[in-house]
Structures are given as C-alpha cells and as structure tokens.
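The values are calculated or read from the model by the stated rules, or taken from the named source; none is laboratory data. All figures in this text were calculated on a predicted structure; none of them were measured in a lab. Here the Cβ is made from the backbone with ideal geometry for all residues, glycine too, and neighbour counts use every protein chain on show. Accessible surface is based on the protein model in full, side chains and every heavy atom, while ligands, DNA and RNA are left aside. Shrake-Rupley method; radii C 1.70, N 1.55, O 1.52, S 1.80 Å.
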Amino acid sequence: MENRSVAAVVSSSGSPAADAAAGRVRAPVGSESGLVVEVTAALQNFSRRAVSGQSGVVTAEAAARFAASVEELSRTVEHLQVVAAGRLEQVRDEAETSGTADCWVTPEGKRQGEYRNTADYLRDVVRVNRPEAARRLKLAAGLLPAAGLAGQPVPPAHEQLAVAMAHGRVPAAAAVAAQTALGKAKATGAGPKHWRQWRNHWPGWLSSGIRSSWPWPPRGG
C-alpha cells in the first residue's frame, strides 16, 4: 500500500458520516470487530486505488505478487468467516443453556426475532445463503476448539487440517472436501488402499490437505 499503514489509510477514508452512507457497521475502537472494520476500510480504499491504476502494480512480478497476496488474504478471510460462524453458534448455545433469549441481535445491537438455528440467522442478518451458512458451521464444528462438559478445552476434531486452514494453506472448499473425506475414512476404517484409490481423483492441494489430518499416516504417498 505504498508503505502506508493500515491506520493511515483508515484515517483518510473512514468517518462516521462516510460509514453511514456506505452502510458500514461501526464497532468500538480497539475491539476485535473494530479491527476488522478498520482493515476492511483500508482494503476497500486500496481496492479503489488499484482499480484506478494507483496501486503501484505495474510490472509482471508485482502483478504476480499482488495476485498471490490476494489469494492468501481470501483464504484468511474464509477462515475468519468460519471462526465468526462458530462464535455465533457458541453464543447461541450458551444463551439457550442459561435461558437467555437475547442472543439474536443485528450487528448494530437491535433485537431480532427468534431463529430456528444459527444458519437461519446467518442467512437473514448477515445475508449468507443457506448452503454457505451450513458449510461454515460444519467447518466450525470440525476445525475449531470446543469446551468439554466441565469447561475444559477440547481440541478440534481435525487438528492438522484446522492449522492448515488457519495459516491460509487450505481454502474453505478444500477444507470441506477434506473434512468430508476424513469423516468417511473414520466411519469406514479406510486404510492405505482407499487412500491410493481416492487420491487419484483429487488435485494435489486437496490431497495434501487431507493427508495432514488422515486417521492414520499414509506413508509412501
């Protein structure tokens, strides 16, 4: 970003009036949501400059770096979407356990009606279609840590795959396919023979994502 910091970009592009006009949600400064809002504003500002040719991406090498960086960013955002869906599900579960009925609110804090589940809430409030909401919640259930009955931390069901996605090495679509394959492998007791049969139908990046969390170590390929 021409050596400009995120804060510098935000300060030149974000104001309460501008945010209201653009339909952006403002969050408390210093909060996790506030950081996301600031980074989003900075990236939107950079995107506008990139479209107008002011981003400094003028050589083939710079364009290649730009494309690779954007893809890594997109995978990071996909992981954050899973984390956000998982947190919504956790808050809902905690509210139901405690008898609290105020867990369904808009990002601005306005009370919403009751929803059957978190997927319906995501569809209505965050404007995510039902299949995508279900995909995020499925990934959250398998790739995020949880709490046990006594409140003790429980690691993700597919810990290595979770690490790979968190570090931007596996996109969401690959993570879903890997998670599904891992579930089938565990349910059917799949072994090396199944691995060799299945992997011929997967692209290399998907095979590596599945291999990292396979129920047994598929040595030799």
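Filtering segment 101-133 down to residues that are exposed (fewer than 10 other Cβ atoms within 10 Å of the Cβ) and of a type in the set (Asp, Glu), which residue is farthest from Ser33 (Cα to Cα)?
Checking each candidate, the answer is Glu114.
Just one of Ala141, Ala164 is open to solvent by less than 10 Å² (accessible area, probe 1.4 Å) and in a helix (DSSP H, G or I); which is it? Quick ask: steps written out before the conclusion?
Numbers: Ala141 fails: open to solvent by less than 10 Å² (accessible area, probe 1.4 Å).
On inspection, the qualifying residue turns out to be Ala164.
Would you pick out the residues in segment 33-77 that are open to solvent by less than 50 Å² (accessible area, probe 1.4 Å) and under 25 Å from Val163 (Cβ atoms)?
Ser74
Residue-wise test of (1) among the polar types (S, T, N, Q); (2) at pLDDT 80 or above; (3) assigned to a loop (DSSP other than H, G, I, E, B).
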{"residue": "Gln44", "(1), (2), (3)": "yes, yes, no"}
{"residue": "Gly56", "(1), (2), (3)": "no, no, yes"}
{"residue": "Ala68", "(1), (2), (3)": "no, yes, no"}
{"residue": "Glu71", "(1), (2), (3)": "no, yes, no"}
{"residue": "Leu88", "(1), (2), (3)": "no, yes, no"}
{"residue": "Pro107", "(1), (2), (3)": "no, yes, yes"}
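Among Glu78, Glu71, which is touching a residue at least 12 places away in the same chain (Cβ under 8 Å) and acidic (Asp, Glu)? Give the steps one after another, and end with the answer.
Values: Glu71 fails: touching a residue at least 12 places away in the same chain (Cβ under 8 Å).
Answer to the check: Glu78.
What pairs can you find where one residue is in segment 86-105 and under 21 Å from Ala133 (Cα atoms), the other is modelled with pLDDT of 85 or more and hydroxyl-bearing (Ser, Thr, Tyr), and their Cβ atoms are less than 8 Å apart, with a gap of 6+ or different chains?
Leu88/Thr118; Leu88/Tyr121; Glu89/Thr118; Arg92/Thr118; Arg92/Tyr121; Trp104/Tyr121
Out of Ala157, Ala150, Ala175, Ala84, report the one residue that is in contact with a helix residue (DSSP H, G or I) (Cβ under 7 Å, 6 or more places away or on another chain), open to solvent by 50 Å² or more (accessible area, probe 1.4 Å) and hydrophobic (A, V, I, L, M, F, W, C).
Details: Ala150 fails: in contact with a helix residue (DSSP H, G or I) (Cβ under 7 Å, 6 or more places away or on another chain); Ala175 fails: open to solvent by 50 Å² or more (accessible area, probe 1.4 Å); Ala84 fails: in contact with a helix residue (DSSP H, G or I) (Cβ under 7 Å, 6 or more places away or on another chain).
Within the list Ala157, Ala150, Ala175, Ala84, the selection yields Ala157.
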